[in-house]
């Protein structure tokens, strides 16, 4: 593991003025609502053209809800703690992730970024013997844009109740985690029963798949194929947030999309300064070392077999992307 040296970036104390705004938070929340309602209305019509447009708007809305979930989990979408919690639950419903589970797991992710086998969101990618069938499935899905990662990311990290109990053994934590998952699952079941599976699939089925495809690229770009440490059962210290730049990557999106996604693409800055609202990360006077344009990273990553991209790092593969 490389030496963890101090970053030359601004110290966190120098950025304490970059705070959340209720006004800006409401604007992004309203945008997600408008996209969702408009997309669902169009997708419910009889016209194929309007249905297709509705699916596109819904897909964008679902990605936006995931971004809002992420922001609320850090309590940085709104200045108000209560608003972050309320909107976080709403965003989690659309993102298919229970909000209380998200906050716990994502907090653990930030704590252990840099230690691949301790970070719950990267532990499954840590080195181990893998059957040929698993590697083949990963390669096929990555090659043909099948969003396997977005599905397993949700199921393995936020819906695996047995694993959640192991990760967070304190009994007072179990109730909100398990309870929120069961309540949300009940809401999905009730919605499916009232609307009917065929109608639900027609209105949002394709949009969910497209959103997952987009999230696959966003999520995989952030921490995969990057050298990290392995604790291997030893007692190791967490890497300080300001020093986590070397363990993440920023896939830079076009300016308009970056603003729409609350600078979700500025992932290095987010890990270094997790207390800064995403929509204010652009105000930090620092350019991270691992920032790369989407039009360079996506083709380069797609040219690599999925098993190499996910289960190796650039030191092992000799491929630097």
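Bear in mind that the values in this text are calculations on the coordinates, not laboratory data. Note that the structure is a prediction, hence the values are computed from the model and not measured. Positions of Cβ are generated from backbone atoms using ideal geometry, with glycine treated the same way; all protein chains shown enter the neighbour counts.
With the cut-off at 21 Å, report for segment 1-126 the share of all Cα pairs above it, as a whole percent. Every Cα pair in segment 1-126 considered, those over 21 Å come to 55 percent.
Which part of segment 43-67 falls in the paramagnetic zone of residue 257, meaning amide N under 17 Å from the point 7 Å along Cα-to-beta-carbon? Taking a point 7 Å out along Cα→Cβ of residue 257, the residues of segment 43-67 whose backbone N falls under 17 Å are 56-67. Each residue, residue 200 and residue 172, gets one label point 7 Å from its Cα in the Cβ direction; the gap between the two is 3.6 nm. Here, segment 268-321 yields an orientationally averaged convex hull projection of 4.8 nm² when only Cα atoms define the hull.
When 141, 72 are sorted by how many other C-beta atoms sit within 10 angstrom of their C-beta, beginning with the fewest, the order is 141, 72. Using just its DSSP H runs of length 4 or more, each adding -39500 (n - 2.57), the chain gives a mean residue ellipticity at 222 nm of -19000 deg cm²/dmol after division by all residues.
So if we plug the beta-carbon distance of residue 128 and residue 289 into 1/(1 + (r/R0)^6) with R0 = 51 Å, what FRET efficiency do we get, rounded to 0.05?
Efficiency for this residue pair is about 0.95.
Rounded to 0.05, the FRET efficiency of the residue 44 and residue 154 pair, given R0 = 25 Å and the Cβ-Cβ distance, is 0.45. Using a cutoff of 8 angstrom between alpha carbon atoms and counting only pairs six or more residues apart, the relative contact order for the chain works out to 23 percent.
Inter-part distance, segment 243-295 to segment 125-167, computed on C-alpha centroids, equals 25 Å. For segment 18-317, what is one quarter of the convex hull surface built on the Cα atoms, given in nm²? Taking the Cα atoms of segment 18-317, their convex hull projects to 16.4 nm² on average.
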